[in-house]
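Worksheet for the structure shown next.
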Amino acid sequence: MKIGFIGLGNMGAAIAGNLVKAGHDVTVYNRTAAKAEPLVAQGAHAAATIKDACRGEAVFTMLADDHAVEEAALGPEGIVASLPKGALHISSSTISVALSERLTAAHAKAGQRFVAAPVFGRPEAAAAKMLFVAAAGPADAIKTAQPLLDAIGQKMFVLGEKPSSANLVKLSGNFLIAVVIESIGEAVALVTKGGVDRHAYIDLLTSTLFSAPVYKVYGNLIANEKFSPAGFAAPLGAKDIRLALQAAESLRVPLPLASLLRDRFLRLMAEGGENLDWSAISTLAARDAGL
């Protein structure tokens, strides 16, 4: 397919690279144009503007937050203004439920199609085509998107015809990952202060009770104190918890742990941790314990 790709950060560059490898005709755009150069070397085309990336059958966005997606999609020369009628916008960004609903309405009014397809997995999983894709949108749009989404991940889960359902699921998933990070941090602080080697402890936990990938990945990051370079920076984690709380408020669902996590991220960033991986909130429990 002839597609565009907007947003070439750690995740976007890896995903776009897999679309090129799968044989698609990919035109890439990033505000920092130099980030497109490795993909052009692999066979992609560089776009000078967002409009230039919207001349095909579909366009992906993988951007940092609501502001960036809103600017790219709804700006005067953005995706909605530029994409041909019947073409597809696949949003893989982690955005608010409210913005997803606005995008759905804007694309429908313009005669275009919209699929929300956020992904679970860190940059190394994206590079290895091992992402899990949470997708939602009209059945015909999902059918069009499927070959593209199959090219970037190991499995796609379809969550209904309402695109914002996928965004809600993504926010809930990131909330759960943050809970895991915080709980591992607290447990490691406890056993470390009691004289237990944290590496042996994580090895025990992830080989027995908690063998899921999320425990293995973040348990090892925490045990090795490997928080830089950030695979997923702390401000992005803080943003996702904030969006989860916004969705919860609109649905009148109390999330007391999310409120705790919001404060943990704020503290980490206030203490100079803005450039660290979001798993660095685990260090706060050690500090609280006097370690």
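The values are calculated or read from the model by the stated rules, or taken from the named source; none is laboratory data. Just so we're clear, the structure is a prediction, and the values are computed from it rather than from any experiment. All Cβ positions, glycine included, derive from the backbone under ideal geometry; neighbour counts span all protein chains shown.
Structural remarks
- Selected residue (criterion: surrounded by the most Cβ atoms within 10 Å (Cβ to Cβ)) from residues of the stretch 48-71 that are over 19 Å from residue 240 (Cβ atoms) and among the small types (Gly, Ala, Ser): 53
- Here residue 182 passes the criteria (1) within 30 Å of residue 105 (Cβ to Cβ); (2) outside the structural domain of residue 100 (by TED's automatic domain parsing); (3) surrounded by 17 or more Cβ atoms within 10 Å (Cβ to Cβ) except the one numbered (1).
- For first residues located in the stretch 263-281 and touching a residue at least 60 places away in the same chain (Cβ under 8 Å), partners that are hydroxyl-bearing (Ser, Thr, Tyr) and lie 6+ apart or on another chain with Cβ distances below 8 Å form the pairs 279/218.
- Residue check, residue 137 at positive phi and in contact with a strand residue (DSSP E or B) (Cβ under 6 Å, 6 or more places away or on another chain): yes
- Subset of the stretch 1-32 (residues that are over 18 Å from residue 129 (Cα atoms) and out of contact with any strand residue (DSSP E or B) (no Cβ under 7 Å at 6 or more places or on another chain)): 30, 31, 32
- Some residue of the stretch 11-26 being more than 18 Å from the chain's Cα centre (by Cα), buried (at least 17 other Cβ atoms within 10 Å of the Cβ), of a type in the set (S, T, N, Q) and in the same structural domain as residue 153 (by TED's automatic domain parsing): no
- Some residue of the stretch 37-49 being in contact (Cβ under 8 Å) with a residue 60 or more places away in the chain and not polar (S, T, N, Q): no
- Flag if residue 194 is surrounded by fewer than 17 Cβ atoms within 10 Å (Cβ to Cβ), over 30 Å from residue 114 (Cβ atoms), of a type outside the set (A, V, I, L, M, F, W, C) and out of contact with any helix residue (DSSP H, G or I) (no Cβ under 7 Å at 6 or more places or on another chain): yes
- Residue in the stretch 126-148 that is acidic (Asp, Glu) and within 17 Å of the chain's Cα centre (by Cα) present: no
- Number of positions in the stretch 85-112 that are in a helix (DSSP H, G or I) and of a type in the set (A, V, I, L, M, F, W, C): 7
- Residue match in the stretch 166-186 (condition: under 17 Å from residue 116 (Cβ atoms), of a type outside the set (A, V, I, L, M, F, W, C) and in contact with a Pro (Cβ under 6 Å, 6 or more places away or on another chain)): yes
Yes/no matrix, rows are residues, columns are (1) assigned by TED's automatic domain parsing to the domain that holds residue 124; (2) surrounded by 13 or more Cβ atoms within 10 Å (Cβ to Cβ); (3) not in a loop (DSSP other than H, G, I, E, B):
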{"site": "228", "(1), (2), (3)": "no, no, no"}
{"site": "235", "(1), (2), (3)": "no, yes, yes"}
{"site": "242", "(1), (2), (3)": "no, yes, yes"}
{"site": "248", "(1), (2), (3)": "no, yes, yes"}
{"site": "257", "(1), (2), (3)": "no, yes, yes"}
{"site": "264", "(1), (2), (3)": "no, yes, yes"}
{"site": "273", "(1), (2), (3)": "no, yes, no"}
{"site": "279", "(1), (2), (3)": "no, yes, yes"}
{"site": "282", "(1), (2), (3)": "no, yes, yes"}
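- Within the stretch 191-228, the set of residues being touching a residue at least 40 places away in the same chain (Cβ under 8 Å) and either under 21 Å from residue 171 (Cα atoms) or not polar (S, T, N, Q) (or both) comprises 193, 217, 218, 221, 222, 225, 226, 227.
- Annotation note: of 169, 115, the sole residue that is in a strand (DSSP E or B), under 18 Å from the mean Cα position of the chain (by Cα) and surrounded by 18 or more Cβ atoms within 10 Å (Cβ to Cβ) is 115.
- Of all the residues in the stretch 207-222, those that are assigned to a helix (DSSP H, G or I) and over 24 Å from the mean Cα position of the chain (by Cα) number 1.
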